[in-house]
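Structure, as structure tokens:
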Amino acid sequence: MRGFAVTVIAGTVAMTISNLIFAKWLMQWLSSRFPHLSAPQWFAEPRINFLKPAAMITGLSTLLALGGIGYIATQASTTGWTLPPARPSRPALPTT
């Protein structure tokens, strides 16, 4: 499992760096190719208040997470699901 985690982390870091480099290159290429091109005005000055529904969305997300935890807990207790036992540690090899 350790090797898989290292692979996932390395892939995530590599993907993030390559996406940042590609995005910068693409924006520079577009600006040199189309110098008259600019962002739309509605993008420069958004008229959407994103903070207004933040409390409601946070509350709904919390309720959804708690509901999911409750569902999993009830399913585990009705099906007899338990955590697997911990693997015993290996005994030390005898030294000669």
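The values are calculated or read from the model by the stated rules, or taken from the named source; none is laboratory data. The structure displayed is predicted, hence computed values, not measured ones. Cβ atoms come from the backbone with ideal geometry, glycine included; neighbour counts cover every protein chain shown.
Inside the range 47-88, can you point out the residues that are at pLDDT 75 or above, over 21 Å from the mean Cα position of the chain (by Cα) and part of a helix (DSSP H, G or I)?
Of everything in the range 47-88, those that are at pLDDT 75 or above, over 21 Å from the mean Cα position of the chain (by Cα) and part of a helix (DSSP H, G or I) turn out to be Ala55, Met56, Gly70, Tyr71, Ile72, Ala73, Thr74, Gln75.
State whether the residues of the range 30-45 include one that is surrounded by 10 or more Cβ atoms within 10 Å (Cβ to Cβ) and either at pLDDT 90 or above or part of a helix (DSSP H, G or I) (or both).
Yes, the range 30-45 contains a residue that is surrounded by 10 or more Cβ atoms within 10 Å (Cβ to Cβ) and either at pLDDT 90 or above or part of a helix (DSSP H, G or I) (or both).
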